[in-house]
Every structure is written in C-alpha cells, then in structure tokens.
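Some notes on the structure that comes next.
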Amino acid sequence: MKPFSIGVAKSAWRAIVSVFVVVAVSLAFAQGASAQGKKVTLFLDWDGLAGHHMGIWLAKEKGYFAAGGLDVRIVPGRGSGQVAQVVAGGRAEFGYISSAVLIQSIAKQTAPLISVSVSMQKDNLSMAYLKSSGIKTPKDIEGRKYGMVPGGVAQLLWPAFARATGIDLSKVQVIKTSYQLYFPQFKSKQFDVTGNFAVGATSQLALEKGGEKVRQFVYGDYLPILGKVITVHKDTLAKNPKMVRNFVRAMDKAWNDIDANPDKAVMEAARVATREVGKGLPAETIAKLARMTLPAKLRSPATKGKPIGWSRAKDWRTMINFMAKVDRFPRKPKVSEVMTNRFYE
C-alpha cells in the first residue's frame, strides 16, 4: 500500500479543521440567537410592583418567554391610557392595560387594539380613603374632596360608581390632580379620597408607616368591569400570531404556577420585581401586598374550569353595554372587536 502523503494529510486536516470551525461558529451563532430570542417590548400600566404584575416577572425569570423564542423587555408605564397609545402607535408589541381603557380606546378612538389574554377577572382599581377620615360607606364621600387624575380610568368610572352607590355628585368636590401629585396630596390630606389606588398598592405602605390605615372601595365590587388584559395591535396579531401565542402561553404558565403554589411563586416573582424595579422595598413586602389579589382575582365563577387568561364573551358584552351607557360612546363595539380567546381554543 502506498504510504499516505504528509502534504496531502496536512491539506486534508486543514480542510477538516476549517469545516469544523465553520460548523462550530454557525452552531454558536444559532444557539446565541435562539437563547436571545425575538426582541419584543411589553409596556406595563404602572411600575411593576403590583400583584397583577407578578405573573410577568415570573414568566421572564423562569424562562417561559425564552422557551417561546422571546426576549421580552419590560417597561414601566404611567397609566393604561398611555400604554394603549404606545401599542396603538406601534412602539411596543404588547401592552398591559385596564380592560375599561381598552374598550374606551376602541369605541371612541377606533384604536387598532385587541385583548388576547385576561390576567385579572375583576379589576383591582379602587377609591382609597384613610380610616381616620371617618368614611365607612361610599355615601360618606358626600361633603368631601375627591382627588382625580383627568383622563384616567377613575374619572371614567366615577359617575357610574356614584350612581351604583347612591352618591349625590353635586355634594362631592372634585379636585383635578396628576399621577405625580395625587399621592403626596392625598398623604397631606388635601383631599379625602383618591380614585387612583389599587388593592395591594405599594404607596399604601408609606401611609401606614406614618400611622394611618388605608381603606378602599374597589370599583369591581360595584361595577361590571373585568381586570387587566394583555393587548396587542391588530396588525401584530394578524402578521405574527405565533409570537403572540408564545407570549400568551408563557404568561399562562406563570399564572398557573402562582395559582398552584401562591406562597412560593409570588415570593419568587416578588424577588424579581424588587431586583428589576427597586424602590428599596423588600421582596417580602411586595409578596405580602401581591397576595391581597393573588390568586383570588385570577379566576371568577364564570371562568371556573377554563384556562387562566380565558374570558367569557358574555362578561365583555355586559361591560361594553355598561360603558357605552356611562361614557356615551359614538358607537358600541362588538365583543369580537375587543377580545379573542383564539389561543385557548
């Protein structure tokens, strides 16, 4: 047998090495791209420390978004109205907003938005007051000062709340404020009630550290309103349904974890929220506040036995009819215009 040529061996070896290098680099690039995932943005309705935000942090921390090929950037917002505008304008793929604001945006501004998942079956927005004020029932708000942020959900729901509880609007002084000022003004007792609180709000801590006790009238206990929803631009849903489906499924996995083992899962999510958002609050405190709404608001009697995130069309129809009457919509949108359960079917 003719001996193998050293020159040929070297050439062959170089070729083999080159092939391996190319393959290795390609695999590394592919793995890196896969690990990184498609970059998408989720805008929150607020700072990210409330109970209804815990599923989002948990989905990111446990790799549920990444498993769906998504690299999710989470951005704090300043109210559902702002977030609706951001998503409608194409500046974020996903928005976490109030269902009431979603319906209003579609009915009055023809916003190209749609809900793809309901995280809370009952909204946790509330009217907050101090125990020291002497207020005990909604009717006690008469003769008081009410601090309201114009353009927010609280302003939208205030007249309906008043009618539902028998409050005479002419006997309540409404003081217009802003998201930046309403809390310090409420703390300094410039008004008696604020409509921009939420059950489990971290701002409650600052008041109670000063010796005050916060009490709340939750809108959802008096009015037919669903809670927070994940919304997308209708073009996003049409062009990239797989991306939306993967996002929704990641969220559902996280909410299922919280539903199955709330103590452990909420604590894990609270640690992430504390790390990402900060504000110097310990994770234990965030978890305690979150447990005021979790897992109680994840389901309702109407959604029993259904996946978390699924919502009943009848509940949306009731809410649309209610809001159309309250807010005098120029037109009343169909249920199919505002929500879809397609990722749960």
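Can you confirm whether the range 227-240 contains a residue that is without any contact (Cβ under 8 Å) to a residue 60 or more places away in the chain and either in contact with a Phe, Trp or Tyr (Cβ under 8 Å, 6 or more places away or on another chain) or crowded, with 21+ Cβ neighbours inside 10 Å (or both)?
no
If Thr293 satisfies every condition in (1) under 16 Å from Lys228 (Cα atoms); (2) assigned to a loop (DSSP other than H, G, I, E, B); (3) modelled with pLDDT of 95 or more but one, which is the exception?
So the condition that Thr293 fails would be (3).
Which one is farthest from Phe183 (Cα to Cα) among residues in the range 128-144 that are surrounded by fewer than 14 Cβ atoms within 10 Å (Cβ to Cβ) and of a type in the set (S, T, N, Q)?
Result: Thr137.
Give the residues of the range 117-160 that are within 30 Å of Pro241 (Cβ to Cβ) and of a type in the set (Ser, Thr, Tyr), sorted by residue number.
Ser117, Ser119
Any idea which of Lys136, Lys171 is within 16 Å of Lys213 (Cα to Cα) and out of contact with any strand residue (DSSP E or B) (no Cβ under 8 Å at 6 or more places or on another chain)?
On the way: Lys171 fails: within 16 Å of Lys213 (Cα to Cα).
Sole residue among the options that is within 16 Å of Lys213 (Cα to Cα) and out of contact with any strand residue (DSSP E or B) (no Cβ under 8 Å at 6 or more places or on another chain): Lys136.
Could you please find all residues in the range 242-263 being surrounded by fewer than 16 Cβ atoms within 10 Å (Cβ to Cβ) and not acidic (Asp, Glu)?
Within the range 242-263, Lys242, Arg245, Ala260, Asn261 meet the criteria.
Looking only at the range 164-219, which residues are basic (Lys, Arg) and free of Cβ contacts under 8 Å to residues at least 12 places away in the same chain?
Within the range 164-219, Lys209 is the sole residue that qualifies.
If you take the residues of the range 170-192 that are part of a loop (DSSP other than H, G, I, E, B) and among the hydrophobic types (A, V, I, L, M, F, W, C), which of them is modelled with the lowest pLDDT?
Only one residue tops the list, namely Leu181.
Could you list all residues from the range 324-335 that are of a type outside the set (D, E, K, R) and farther than 23 Å from Arg299 by Cβ?
Initial filter on the range 324-335 (of a type outside the set (D, E, K, R)): 324, 326, 329-330, 333, 335.
Passing the criteria: Ala324, Val326, Phe329, Pro330, Pro333.
Can you tell me which residue is farthest from Arg245 (Cα to Cα) among those in the range 296-310 that are buried (at least 20 other Cβ atoms within 10 Å of the Cβ) and in contact with a helix residue (DSSP H, G or I) (Cβ under 7 Å, 6 or more places away or on another chain)?
Per the criteria, the residue is Leu298.
What number of residues within the range 226-259 are outside any helix (DSSP H, G or I) and more than 24 Å from Asp315 (Cα to Cα)?
1
Residue by residue through the range 106-150, note down the ones that are part of a helix (DSSP H, G or I) and either of a type outside the set (S, T, N, Q) or in contact with a Gly (Cβ under 8 Å, 6 or more places away or on another chain) (or both).
Residues satisfying the conditions are Ile106, Ala107, Lys108, Lys131, Pro138, Lys139, Asp140, Ile141.
Does Thr285 fit the bill of being closer than 24 Å to Ala50 by Cα, of a type in the set (S, T, N, Q), in a loop (DSSP other than H, G, I, E, B) and not assigned by TED's automatic domain parsing to the domain that holds Leu156?
For Thr285, the condition - closer than 24 Å to Ala50 by Cα, of a type in the set (S, T, N, Q), in a loop (DSSP other than H, G, I, E, B) and not assigned by TED's automatic domain parsing to the domain that holds Leu156 - is not met.
Only one of these is closer than 18 Å to Gly77 by Cα and part of a helix (DSSP H, G or I): Ala164, Ala160, Ala154. Name it.
Ala154
Can you tell me which residue in the range 193-225 is nearest to Val101 (Cα to Cα), limited to those that are assigned to a helix (DSSP H, G or I) and of a type in the set (Asp, Glu)?
Among them, the one singled out is Asp221.
The values are calculated or read from the model by the stated rules, or taken from the named source; none is laboratory data. Note that the structure is predicted; figures quoted are calculated from it, not measured. Cβ: placed from backbone, ideal geometry, glycine included. Neighbour counts: every protein chain shown.
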